[in-house]
1. Using label points projected 7 Å from each Cα along Cα→Cβ, tell me how many nm separate residue B:112 and residue A:131, to one decimal.
2. Given 25 °C and 0.890 mPa s, how large is the Stokes-Einstein diffusion coefficient of segment B:98-146 in µm²/s, with Rh as the Kirkwood radius over Cα pairs?
3. Over all directions, the average projected area of the alpha-carbon convex hull for segment B:12-60 comes to how many nm²?
4. Angle check, please: helix B:3-12 long axis (alpha carbons) against the longest principal axis of chain B (alpha carbons), in degrees 0 to 90, nearest 10.
5. Using a basic spin-label model with each label point 7 Å from the Cα along Cα→Cβ, how many nm lie between residue B:133 and residue A:36?
6. Using θ = phi - 60° and the Karplus form 6.51 cos²θ - 1.76 cosθ + 1.60, what ³J(HN,Hα) does each residue of segment A:97-111 get, whole Hz, x for Gly and Pro?
7. Taking every residue in A:65-73, how many Cβ atoms of other protein chains lie within 10 Å of its Cβ, on average?
8. For the residues B:25, A:26, what sequence is obtained by ranking on other C-beta atoms within 10 Å, fewest first?
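What follows is calculated from the coordinates using simple rules that are stated; it is not laboratory data. None of these values were measured; they are calculated from a predicted model. We place every Cβ from the backbone using ideal geometry, glycine too, and count neighbours over all the protein chains shown.
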Amino acid sequence: MTDSSHTFTRLDICNRFLESVRHSKVLGMEVLSAEEYCVRTRLPWREDLVGNPDSGVMHGGAIFAMMDQAGGMAVTCRTFPAFEITPTIDFRLDHLRGPSAGAAVICEASCYRLTNHVAFIRLTSWEEGNEEEPIATGLATYTRLKIDNAGKVVGQ
Amino acid sequence: MNKLKTLIEDCRSGKVEYQALVDHVPYARFLGIQVISQGDELTFVLPKNDNVVGNPTLPALHGGAVAGFMEQAAIIFILLQMGEPRVPKTIDFTIDYLRAGHFRDTYAECSVTRLGRRIANVHISAWQKNRQEPITIARAHFLLSEDANDS
């Protein structure tokens with residue numbers, strides 16, 4: 001495919017990527033925006049994602065899963081318009097504070113360095129409406145699998 | 001009365017199955033986590049199911065679902081092994097992905113080291129074929145409550 005004039009945007013590709021990932025869909029996450037160096041995703045609070053029934057706070061695992069997906073999309077935004085399969089190599093998440101019960105969580109992910117084989121990602125999450133106080137920060141690496149026809153995943 | 005504390009005590013005394021504690025947590029039910037005990041050893045199971053699939057063309061498990069499973073396994077492990085009366089708070093969670101997670105059952109085991117009174121360091125290893133070939137290993141720190149009594 002030539003890429004002189006894209007008929008699709010980074011946001012389109014991220015949304016198609018999301019559609020193809022069953023667990024992320026089941027979590028209920030959504031993509032808010034997608035630019036070369038910045039992806040934003042959102043995970044609405046839901047009763048079945050609660051980790052502590054006494055407080056109603058969302059489970060760290062659900063937040064992790066959303067951030068892991070956001071990190072993958074951050075790579076997608078750098079390799080755009082090509083789409084690649086990029087498994088996570090490692091991921092560290094620091095939980096700075098707990099989100100409130102009932103609050104949606106927003107994640108911003110950025111691929112700040114892309115090499116031939118490896119992508120380096122920084123991530124920050126906060127409670128919707130309170131961007132000044134992050135609830136979690138993450139640092140991750142992903143590897144770029146050289147698979148032909150990877151674009152099929154997003155309909156390319 | 002702390003309902004969770006009662007449930008943990010009932011599990012530890014053998015009055016109630018460990019699974020009741022797992023099912024107490026909505027997210028654990030969402031993932032479908034199961035727990036198997038053999039003597040004092042606990043093995044956690046993430047049964048293969050469509051909802052934890054990431055890439056459906058491979059099909060491979062979602063790395064985030066495996067991470068969530070491992071974090072929850074560590075939390076239940078702390079509750080059952082350390083007499084912690086409240087759900088411990090995750091301070092940090094670090095995971096290395098070593099092998100592809102195929103569409104099959106995944107198992108996890110934990111080991112814990114206590115750092116002082118308030119912090120637990122937990123290593124979690126997850127495997128599918130055999131435990132000598134982990135698909136992921138993770139390390140996490142949890143904040144414990146003041147009144148935990150080790151035993």
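1. So the two model labels end up 3.9 nm from each other.
2. Numbers: Rh = 12.0 Å.
D = 205 µm²/s.
3. On the way: hull surface 16.4 nm².
Across all orientations, segment B:12-60 yields a mean hull projection of 4.1 nm².
4. 80 degrees
5. Going from the residue B:133 label point to the residue A:36 one covers 4.3 nm.
6. With the stated coefficients, segment A:97-111 comes to 7, x, x, 6, 4, x, 8, 6, 10, 9, 10, 10, 10, 9, 8 Hz.
7. On the way: counts 11, 1, 2, 10, 4, 1, 2, 3, 0.
The mean count of partner-chain Cβ atoms within 10 Å per residue comes to 4.
8. Details: B:25 22, A:26 17.
In increasing order of surrounding Cβ atoms, one gets A:26, B:25.
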